[in-house]
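Asks: Supplied in C-alpha cells, the structure appears directly below.
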C-alpha cells in the first residue's frame, strides 16, 4: 500500500495495492511471510482438504495466538508492553470449509483441552474424598467445641476451618458461549488463555451481549475487568487473555452489520479485528495420499507451548516479555508516523482512523507470534517485523475492501484529479500516449486503494470524458484524451 509521497520504500513495498489489472483481482495472502512450521502445515492441510490456503492462514494465526498468549507479551519499545492476543474474523459463503479449517488447525488445542478436562475430573474425585474426610473431622471438632468450649479445641476448630479443601477449577481453552456470565466464568477459572471460537459465529455476533462487547474490547488491550454483584463474591479479572476466532457466513454477517454490528465500529471493535473475506470455495483435495507429517510438527510445537502454559509449577499469570531489537523498535516508530500520515485527507486511512491507530499494535503482536513459531531466541528482529508488516498490510487492504467508505462528491473529485494527474505525468515520463493500468497500482502514490474507491475514481474520469480504458490481450491500458 503506497500511502503517500516521501514514505519509506519498505512501507511502499508492504502496502502494495490489493488489486491487479483492470479486473482488480484480490492480492494473495503473503503465505511466505509465515513461519515455515505454519506455512508447511497450511500447504499440507490444503492438499488434504482443498480448503483455501488463505482461510487456513487466518485460522492458523488464531491458533498461534491462542497457544502463545498465555506465555508471552511483546514490547516494541521500552515502557510499552502488549499481549500477543489477536482477534480474527473470516467471512465467506457456505462451502468454503470454515468448520474444516478450525477442526484441523485447532486440533491440538481441542485435544489439550480434553486432557485438562480429564485432569479436572481426577482432581474433583480427590477433592470429594478430601472434603469427606474434612467434613468428618469438622463434625467431631464442632461437637467437642459445643460440649467443652475449651480454648485448645476451639483453636483446633478454627484452624481446621481455614484448611477446608478448595474445589478444583475446570479449565477451558475454547469457549463458544458469549454471554458475559459464561465468559467471565471461563476466564475466572482459566485466565491464562481462552479464545471465543466458532466456525458458525452467527449466534455469537447476534447475541445480546455483543451489542456492547466490553469484555472483548478490554481483553484486546489486556485491561483489568471487574464485575460487582449483590450477595455473591465480586469478580476481578487481572492478566487474563481472551481472543476472538470467528468464522461466519457472509449473508449472516451482513445481517449482523445491520443489527448488532452498527455498534461494532462505534465502540472500536472492528478496528481491533483482523478481517478476511474468503471467496474461494473448497476444491477437490489432492489425489496424493492423505498425510499429516507437517501438521503433526505444528501440533507438537503448539502442545509444547500449552504444556508450559499449564505446567503445575506455573501457577501465576506472569508472562515472558519479547522485546524488539533497536532497529526493529526504530522501524516500528516509523510505521506509526507513516500510518498517521496515511490518515490525512485523500490518503489510504482517511476514513479509517481508528483502524490505523490499532495497526502498529497488531503488527507488533504478529511479529511476536512469528518470532515464537520461528522458534527464535533473543530480541525480535527487523526482518521479523517486516514480515509482520506485510501480513498486516494485507489485512488492512482486506479491511478497507470489506468496509469501504462512501465519499461525497467533492472527495471523489479530488481523488479523480489525483488519478488523472498521475496518468498524465506517467505518459509524459514514458513518452507514450497510454500506460498499463497496473502501473497505477505499482507506482501511484496517494491513489485510492480500496476496490470501490478506485473504481469510482476511474469511472468518474471516464464519465467526464477525460480518460479511456481498453485491453490488448490480457493487458489493460488507460489513456488521457488530452495531453498538455
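Asks: With axes computed from alpha carbons, what is the tilt in degrees of helix 326-341 against the longest principal axis of the chain, rounded to the nearest 10 within 0 to 90?
Replies: The two axes meet at around 60 degrees.
Asks: Over region 34-323, what number does the Rg to Rh ratio reach, with both radii from the alpha-carbon atoms and Rh per Kirkwood?
Replies: Details: Rg = 23.1 Å, Rh = 21.4 Å.
Over the Cα atoms of region 34-323, Rg/Rh equals 1.08.
Asks: Quick check: the angle from helix 353-373's long axis to the longest principal axis of the chain, C-alpha only, nearest 10 degrees?
Replies: It works out to around 60 degrees.
Asks: Given Cα positions, please report Rg to Rh for region 313-425, the hydrodynamic radius being the Kirkwood one.
Replies: 1.12
Asks: Need the full-extension length gain, residue 169 to residue 217, defined as separation in residues times 0.36 nm minus the C-alpha distance. One decimal, nm.
Replies: Numbers: separation 48, 0.36 × 48 = 17.28 nm, distance 2.53 nm.
14.8 nm is the gain from fully extending residue 169 to residue 217.
Asks: Which whole-number percent gives the relative contact order of the chain, counting Cα pairs below 8 Å spaced six or more residues apart?
Replies: Reported as a whole number, the value is 24 percent.
Asks: Oh, and also: Kindly identify region 171-277 as rounded, prolate or oblate by the Cα gyration tensor criterion: order the square roots of the eigenvalues as a ≥ b ≥ c, call it rounded if a/c is under 1.5, otherwise compare a/b with b/c, prolate if a/b is larger, else oblate.
Replies: Prolate, because a/c is 1.5 or more and a/b exceeds b/c.
Asks: Here's another thing I want to ask about it. Using alpha carbons only, how many angstrom separate the centre of region 411-426 from the centre of region 44-111?
Replies: Region 411-426 and region 44-111 have Cα centres spaced 40 Å from each other.
Asks: When a/c reaches 1.5 or more, the comparison of a/b and b/c decides; with that in mind, is region 235-303 rounded, prolate or oblate per its Cα gyration tensor? Please report the intermediate quantities before stating the final value.
Replies: Values: a/c = 3.83, a/b = 1.39, b/c = 2.76.
Cα axes put region 235-303 in the oblate bin.
Asks: What relative contact order, as a whole-number percentage, does region 315-376 give when Cα pairs under 8 Å and 6 or more residues apart are counted?
Replies: Result for region 315-376 is 24 percent.
Asks: Another question, then. Please compute the length gained on full extension between residue 94 and residue 287, using 0.36 nm multiplied by the number of residues separating them and subtracting their Cα-Cα distance.
Replies: Stretched fully, the residue 94-residue 287 segment lengthens by 67.1 nm.
Asks: Further question: Separation of region 175-215 and region 264-294 by C-alpha centroid, Å?
Replies: 20 Å
Asks: If I take R0 = 22 Å and measure r between the Cβ atoms of residue 103 and residue 300 in this structure, what FRET efficiency does the formula 1/(1 + (r/R0)^6) give, to the nearest 0.05?
Replies: Computed FRET efficiency for residue 103 and residue 300: 0.75.
Asks: At 0.36 nm per residue, and after removing the present C-alpha to C-alpha distance, how many nm does the segment from residue 113 to residue 353 gain when stretched out fully?
Replies: 82.5 nm
Asks: According to a simple spin-label model (label point 7 Å from Cα along Cα-to-Cβ), what is the distance in nm between residue 280 and residue 159?
Replies: 6.8 nm
Asks: Here is a further query. Sort 371, 351, 468 so that the residue with the fewest other Cβ atoms within 10 Å of its own Cβ comes first and the one with the most comes last.
Replies: Details: 371 27, 351 19, 468 13.
By the 10 Å Cβ count, ascending, the order reads 468, 351, 371.
Asks: May I ask for the angle, rounded to the nearest 10°, between helix 53-68 and the longest principal axis of the chain, with both axes built from Cα atoms and the value confined to 0 to 90°?
Replies: Helix 53-68 sits at roughly 40 degrees to that axis.
Asks: Return the distance in nm (one decimal) between the two label points of a simple spin-label model at residue 145 and residue 133, each offset 7 Å from Cα along Cα→Cβ.
Replies: 2.1 nm
Asks: Let me ask something else. Could you please rank 353, 46, placing first whichever residue has the fewest other Cβ atoms within 10 Å of its Cβ?
Replies: Starting with the residue having the fewest Cβ neighbours, the order is 353, 46.
Asks: Which of 194, 267 has the fewest other C-beta atoms within 10 Å, and how do the rest follow up to the most? Each step should come with its number before you reach the end.
Replies: Details: 194 24, 267 16.
Listed from fewest to most nearby Cβ atoms, that is 267, 194.
Asks: May I pose another question? Any idea what diffusion coefficient the chain gets from Stokes-Einstein, in µm²/s, Kirkwood Rh on alpha carbon pairs, 25 °C, 0.890 mPa s?
Replies: It comes out at roughly 98 µm²/s.
Asks: Further, regarding this structure: At a Förster distance of 41 Å, what's the computed FRET efficiency of residue 208 paired with residue 36, Cβ-Cβ distance as r, to 0.05?
Replies: That gives a FRET efficiency of 0.40.
Each value in this text was obtained by applying a stated rule to the coordinates, not by laboratory testing. These numbers come from a predicted model, not from an experiment. Because the Cβ atoms are built from the backbone with ideal geometry, glycine has one as well, and the counts that use them run over all protein chains shown.
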